[in-house]
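A quick write-up on the structure given underneath.
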Amino acid sequence: MNKPKVLLVSHTVPENKMGGALLLFRHFLLKSDFEIGVVTNNSVLVPGVFYRHLPEPPLLQRLKRTRFVLLAGDYTELLHSHLFDHRLYAAAREFQPDMIFNVAETYFSFHAQMLAKKLGVPFVSYFMDWANFATRTHQWALPYMDRMFRRLYREADLAFCISEGMRNELGTHPNSHVLYPTGANLNSAENPVPSTNEKFTFCFAGNLDRWYGTMVRDLIQTCESEASISLKIFGSNHQWPDSFVVAQRSKGIFRGFHPFEQLIPEFQLADAFLLPLGFGADAALIERTSFKTKLLDYILFEKPILIWGPEYSTAVATARKYDCAHCVTDPSPEAAVRGMKELAQSRSLRVNLVSNARKMRERDFNHLKPYSVLKAELEKLLKA
C-alpha cells in the first residue's frame, strides 16, 4: 500500500539541528509513515527525499543586502506573499502530494496555502513560533502581518499549535490541536555519568540570537568571579564581539554549535541545565506562545533545570504546574546566579525537581505522544 504523500512547503525544513527544524526532522525523517517531499525558499539541503529549492527573486535578494533591507522585507511579507510562484506549482505537480504541510512563517506560508488551493488538497499549518518575530521589516508592518497569520490559521484545514498559549492567542478553530514538541528518543538515565566537574556546571544548548544571546552573555560575565558554579554554552547565531567569543572559547565556556547527538556526552557530564527566556516587551508574545524543545531534551538526562524567564512564559507555567524546574523570574543576571547557587547547594531541591520532571515526561510528554497526535490527525484529514 502506498504511503500518503506529504509535501512540506516551508521555510523551515527538516534538519537535525534545533528548534522547528529539529521537530520536523523527528516527525518526518525519523519516521516512515509518510512519503515526504520538501519545497522551500531556504537554501538548506534535505537529502534523501524529493527536494526543490525555490529562492527569492534575485532583485529581492540583492535589496536585502543593502540599506533598503527593511523596505524589501515590507514588500516581501506584505505584497510578494500574494504573488503566487508558479515554480511551486511545477514542483508540486512533479511530486503529486496528498496534502501540503507548512510551518507558519514568512511569505512562503501564503504561497503554500495558495498551492494547496490550486491542487485541491488539504492545507496543514504548524504554528511553532509567533510568525513575524524574526522577520526584517519596519515596525509598522508587524500588525498587518499579525492579521495575515491569524487569517492563515483560521483558513487552514488543520492547524497545529505548539502550546496552549499559542492556541489561546490564535483563537478558535474547528480543527486545531496542541502539538507539543517531541523530545529525543533517549533514556540516558540508564547509564548515568558521575559528575567530575570542579564547579557545579550549568549547560545551555540552543539559539543565541536576539535576547537569548544578550542574556547568556550577561550571565557569563556575572559568573566570572563565582567560585562554586560555572557554565558550558553550546549554540549559534550569537552577535557577540569577536574578542568575547575568543575569550570564552579559550576558557572552555563557549563551545559553539553541536548537533544533539554530539551533545549527549556533554549533557551527561553536566550538573544542571539552563533555560533563559526573554523578559522584554519585544519577547513577551514569543515567550507566552512558544514551547522550548530543549526543555524536553533536558529532562531526559535526569539533571535539575533552572529556568530564567518571566512568570507568564510557557516554560515557567509548565515548571510551576509540574514542579519540575527551579524558576528565577527576576531579569537581572545577579538573580539568575543566586538561583543557580540555590540549586547547587540544595541536594533535596535537585532530587525533588528531577523526580517530578521524570513523572512529567512519563505522563504527559512521552516522546511518542506528539507524533501519535500528528499521525492520527493527518490520517483523519486525508480520509475526510
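The values are calculated or read from the model by the stated rules, or taken from the named source; none is laboratory data. The shown structure was predicted, so the numbers you read here are calculated from the model rather than taken from an experiment. Neighbour counts run over all protein chains shown; Cβ positions are idealised from the backbone, glycine included. Please note that ligands, DNA and RNA were not included when accessible areas were found on the heavy atoms of the full protein model with its side chains. Shrake-Rupley method; radii C 1.70, N 1.55, O 1.52, S 1.80 Å.
Just need a number here: residues in region 288-312 that are in a helix (DSSP H, G or I) and either within 15 Å of Ala270 (Cβ to Cβ) or of a type in the set (Asp, Glu) (or both).
5
Of everything listed in (1) hydrophobic (A, V, I, L, M, F, W, C); (2) surrounded by fewer than 22 Cβ atoms within 10 Å (Cβ to Cβ); (3) under 26 Å from the mean Cα position of the chain (by Cα), the single unmet condition for Ile36 is (2). Tell me, yes or no, whether region 364-380 has at least one residue that is closer than 30 Å to Asp98 by Cβ, more than 23 Å from the chain's Cα centre (by Cα) and either crowded, with 18+ Cβ neighbours inside 10 Å or without any contact (Cβ under 8 Å) to a residue 12 or more places away in the chain (or both). For region 364-380, residues closer than 30 Å to Asp98 by Cβ, more than 23 Å from the chain's Cα centre (by Cα) and either crowded, with 18+ Cβ neighbours inside 10 Å or without any contact (Cβ under 8 Å) to a residue 12 or more places away in the chain (or both): present.
What do you reckon, is Val13 surrounded by fewer than 16 Cβ atoms within 10 Å (Cβ to Cβ), part of a loop (DSSP other than H, G, I, E, B), among the hydrophobic types (A, V, I, L, M, F, W, C) and within 17 Å of the chain's Cα centre (by Cα)? Considered against the rule, which asks whether it is surrounded by fewer than 16 Cβ atoms within 10 Å (Cβ to Cβ), part of a loop (DSSP other than H, G, I, E, B), among the hydrophobic types (A, V, I, L, M, F, W, C) and within 17 Å of the chain's Cα centre (by Cα), Val13 comes out as no.
Of the residues making up region 124-145, just one is closer than 17 Å to Gly171 by Cβ and open to solvent by 20 Å² or more (accessible area, probe 1.4 Å), namely Pro143. Scanning region 40-63 for residues that are open to solvent by less than 60 Å² (accessible area, probe 1.4 Å) and assigned to a loop (DSSP other than H, G, I, E, B) yields Asn41, Asn42, Val44, Val46, Val49, Leu54, Pro55, Glu56, Pro57. Per the listing Arg67, Arg87, the residue uniquely under 21 Å from Leu142 (Cα atoms) and open to solvent by 80 Å² or more (accessible area, probe 1.4 Å) is Arg67.
Name every residue in region 97-111 that is surrounded by 22 or more Cβ atoms within 10 Å (Cβ to Cβ) and in contact with a Leu (Cβ under 8 Å, 6 or more places away or on another chain), in order of residue number. Walk me through it before giving the result.
Going through region 97-111, the residues surrounded by 22 or more Cβ atoms within 10 Å (Cβ to Cβ) turn out to be 97, 100-109, 111.
Answer for region 97-111, where residues must be surrounded by 22 or more Cβ atoms within 10 Å (Cβ to Cβ) and in contact with a Leu (Cβ under 8 Å, 6 or more places away or on another chain): Pro97, Ile100, Phe101, Asn102, Val103, Ala104, Ser109, His111.
The test for being open to solvent by 10 Å² or more (accessible area, probe 1.4 Å), at pLDDT below 95 and out of contact with any Gly (no Cβ under 7 Å at 6 or more places or on another chain) does not hold for Glu94.
Return the only residue of Asp218, Asp242 being among the acidic types (Asp, Glu) and open to solvent by 60 Å² or more (accessible area, probe 1.4 Å).
Working: Asp218 fails: open to solvent by 60 Å² or more (accessible area, probe 1.4 Å).
After ruling out the rest, the residue left standing is Asp242.
Counting only residues that are in a helix (DSSP H, G or I) and touching a helix residue (DSSP H, G or I) at 6+ places or on another chain (Cβ under 8 Å), which one in region 313-330 is most open to solvent (accessible area, probe 1.4 Å)? Steps first, answer last, please.
Looking only at region 313-330, we keep the residues that are in a helix (DSSP H, G or I), and these are 314-322.
Of the ones still in play, those that are also touching a helix residue (DSSP H, G or I) at 6+ places or on another chain (Cβ under 8 Å) are 314-315, 317-318, 322.
Values: Thr314: 19, Ala315: 10, Ala317: 53, Thr318: 15, Tyr322: 30 Å².
Looking at the filtered set, the residue picked out is Ala317.
Entry remark, region 245-263: residues being under 20 Å from the mean Cα position of the chain (by Cα), open to solvent by less than 40 Å² (accessible area, probe 1.4 Å) and modelled with pLDDT of 90 or more number 2 in total.
Residues in region 156-173 that are farther than 21 Å from Lys375 by Cα and not aliphatic (A, V, I, L, M) were compared, and the one that is surrounded by the fewest Cβ atoms within 10 Å (Cβ to Cβ) is Thr172.
On inspection, Tyr312 fails the criterion of being at pLDDT 90 or above, touching a Phe, Trp or Tyr at 6+ places or on another chain (Cβ under 7 Å), of a type in the set (Ser, Thr, Tyr) and within 30 Å of Leu368 (Cα to Cα).
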